[in-house]
Amino acid sequence: MCGRATLTTEELETVAKTVESAFSPSDAELYRPRYNLAPTDLHFIVRQAGAGRALVPAKWGFTGTGRPLLINVRAETAAQKFKGAFEKRRCLIPVDGFYEWTGAKKTKHPVWVHTPDKEIFLLAGLYEEREGERPAFTILTTEPNRLLAPLHDRMPAIIPNDKATEWLSAPVPVPYLPAPAPEKLLVTTDVSPRANSVQYDDEACLTPWTAPKVKNEQLKLL
């Protein structure tokens, strides 16, 4: 699963250059660095635009009558369950990390998953068009690699840079389908419990953190 993410790059122009996409100057006003991006939030997706790519604002989560907000879709069944979007509306979601949680129920804390150099990478997604509204996107997930398996039984599907064009524009069946990312691509950092709450979205969310040790005091015999 992927329920929170980060994109801490300061300027949209820098993101656009990294993902080789054009963007509208008016959209740049909507951009800000995200340290705790959550479902329903506005983010930016990369989609095919003619012979090139466009970086456009979109809201995280598919909505629909009688169904909960859909923030993730299993990559293994996306082509069947979301046939129209899979055929015509595949997208990429630029991030520089995402969160998982670990620990006992009452003491869970976030783990930030990112590349060793904290670079932008691309998640596989689908988007929906909304008449009179901004597009909405969902993130595809796949089985976890060995790094992420102890944290969750799913992980976001990461598209390598050299497969990005193929993912966006190749006809169905797509030659490249998302698969668990290589273990060496990512590292994990335990970070502040501040990221537990969506009300916080600042640099402090990514402060490295060490869980306090639980004292195991022996009971004194009377």
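Relative contact order for the chain: 21 percent, from Cα pairs under 8 Å spaced at least 6 residues apart, divided by residue count.
DSSP loop (so not H, G, I, E, B), at most 16 other Cβ within 10 Å: list which GluC sites (Glu not before Pro) in segment 12-91 pass both filters. Passing sites in segment 12-91 are 20, 29, 76. Residue 12 sits among other residues whose Cβ lies under 12 Å from its own Cβ, and their net charge, with Lys and Arg +1 and Asp and Glu -1, is -2. Could you give the distance between the Cα centres of segment 1-37 and segment 68-114, to the whole Å? The distance from the Cα centre of segment 1-37 to that of segment 68-114 comes to 17 Å.
Exposed loop sites here are trypsin sites (Lys or Arg not before Pro) assigned a DSSP state other than H, G, I, E or B and surrounded by at most 10 other beta carbons within 10 Å; excluding them, the longest clear run of the chain is 1-145. Taking 0.36 nm per residue of separation and subtracting the current Cα-Cα distance, fully stretching the chain between residue 131 and residue 196 would add 20.0 nm. A simple spin-label model places the labels of residue 83 and residue 207 5.2 nm from each other, with each point 7 Å out along Cα-to-Cβ. Taking 31 Å as the limit for the C-alpha separation, the pairs 83/108; 105/163; 83/106; 17/105; 81/163 exceed it in the case of 83/108; 105/163; 83/106; 17/105. Of 192, 197, 21, 26, the sequence from fewest to most neighbouring Cβ atoms within 10 angstrom is 26, 197, 192, 21. In terms of surrounding Cβ atoms within a 10 Å radius of their Cβ, 155, 1 rank from fewest to most as 1, 155.
Listing 91, 205 from fewest to most neighbouring C-beta atoms within 10 Å gives 205, 91. Sequence-ordered 3J(HN,Hα) estimates for segment 38-49 from the Karplus curve with 6.51, -1.76 and 1.60 and θ = phi - 60° stand at 10, x, 6, 6, 7, 9, 10, 10, 9, 9, 5, 9 Hz, glycine and proline given as x. Here the Karplus curve 6.51 cos²θ - 1.76 cosθ + 1.60, taken at θ = phi - 60°, turns the phi angles of segment 196-206 into couplings of 4, 9, 5, 6, 9, 8, 8, 4, 5, 4, 9 Hz, with x standing for Gly and Pro.
Taking a straight line from the alpha carbon of residue 59, these aspartates and glutamates sit under 15 Å away, with near neighbours fewer than eight places off in the same chain left out: 27, 41, 128, 129, 131, 133. Ignoring aspartates and glutamates fewer than eight residues from residue 118 along the same chain, the ones with Cα atoms less than 19 angstrom from its Cα are 10, 11, 13, 20, 96, 100, 162, 183, 190, 201, 202, 203.
Bear in mind that the values in this text are calculations on the coordinates, not laboratory data. From a predicted model like this one, the values you see are computed outputs, not experimental measurements. Neighbour counts are summed over all protein chains in view; Cβ atoms, including those assigned to glycine, are modelled from backbone coordinates with ideal geometry.
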